[in-house]
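One structure coming up, written as structure tokens, with questions to follow.
What follows is calculated from the coordinates using simple rules that are stated; it is not laboratory data. For clarity, every value in this text was computed on a predicted model and none was experimentally measured. Cβ sites come from the backbone with ideal geometry, for glycine too, and all protein chains shown count toward neighbours.
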Amino acid sequence: MTSLKRMKGIAISRPIIYGNSATPLNGKKVGDSDHTHRWTISVRGINNEDISYFVRKVAFKLHDTYDNPNRVIEKPPFEVTETGWGEFDIIIKIHFVQASGEKPLTLYHRLKLHPYEEDGPGNPWPKQKPVTSYAYDEIVFNEPVDSFYNILQDNSTSNIPLKKTPHHQFSLQAEQEEIERIDKAIKTTAQEIAKHRERCKRLEAELSAK
Ligand code: V91
């Protein structure tokens with residue numbers, strides 16, 4: 001029986017990235033299926049840091065129509081590669097190491113196969129470019145068992161994630177992409193307004209000429 005004393009008022013967190021990438025099969029047949037894409041869903045540390053010091057296993061619950069839909073991955077990389085044709089919700093259950101005394105954590109991810117935007121202003125998405133959908137998150141352990149706290153501390157290559165920047169960089173990049181989409185939307189809207197102004201002017205001119 002290990003010490004289950006919890007550290008009152010203490011919290012410690014670990015960053016993770018979870019989600020999927022997908023590439024089209026472009027007609028390459030997988031058996032006699034109608035599958036159109038190959039995809040990989042994963043739970044990873046920042047910069048692919050090994051997270052097995054606090055993650056014991058990850059269960060990925062796929063759509064029931066898949067063979068063996070509950071895929072349990074017991075060692076890194078915590079990922080599943082499959083083929084399919086559609087976008088559905090995957091339930092991700094992260095089980096922590098025994099010493100943690102923590103309950104499993106459930107996350108949800110909607111598989112993304114199709115680009116929802118172009119690759120940049122006026123650029124269609126390249127046929128073979130992988131489509132990705134990843135979420136950055138931080139698992140917060142509130143009042144951890146002290147032996148688990150020590151495990152987290154001892155394996156803290158990215159214990160100061162804000163300084164080491166990777167997730168920072170991740171969110172900054174996402175933010176930059178969002179800014180670019182908003183910029184583009186503002187320009188498109190301004191063009192539309194200008195067009196409609198012109199049309200109003202023309203119609204008014206026509207009316208007053210009558
Ligand atoms: C969606 C099942 C390949 C509905 C439309 C999907 C399963 C469920 C899906 C899939 C929803 C698997 C197999 C043997 C044969 C929009 N596959 N649901 N086929 N989103 O891709 O896509 S897709 S196992």
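First select every other residue whose beta carbon is under 13 angstrom from the beta carbon of Ala205; then total the charges, Lys and Arg +1, Asp and Glu -1.
Charge balance near Ala205 sits at +2.
Continuing with this model, one more query. For the stretch 20-120, which trypsin sites (Lys or Arg not before Pro) are in a loop by DSSP, counting at most 15 other Cβ atoms within 10 Å?
Answer by residue number: Lys28, Lys29.
Let me know the charge dipole size of the stretch 57-200 about its Cα centre in debye, to the nearest 20, where only the beta-carbon of Lys, Arg (+1) and Asp, Glu (-1) is charged.
It works out to roughly 340 debye.
Another question, if that's okay. Any chance you could give the angle, 0 to 90 degrees and rounded to 10, that helix 166-209 forms with the longest Cα principal axis of the chain?
For helix 166-209, the angle is close to 20 degrees.
Rank these for me by crowding, His63, His196, going from fewest to most other beta carbons within 10 Å.
His196, His63
Straight-line reach from Lys195: which aspartates and glutamates have a Cα under 15 Å away, not including same-chain ones fewer than 8 places off?
Glu204
Continuing with the same structure: Within 10 Å of each residue's Cβ, count the other Cβ atoms and sort Leu152, Leu4, Leu62 from fewest upward.
Fewest-to-most Cβ neighbours within 10 Å comes out as Leu4, Leu152, Leu62.
If one computes the Cα centroid of the stretch 174-210 and of the stretch 38-100, what distance in Å separates the two points?
If we compute the Cα centre of each part, the gap is 46 Å.
Please give the calculated 222 nm ellipticity per residue for the chain, where each DSSP H segment of at least 4 residues contributes -39500 (n - 2.57) and the sum is spread over every residue; nearest 500 deg cm²/dmol?
Roughly -9500 deg cm²/dmol at 222 nm, from the helical runs in the chain.
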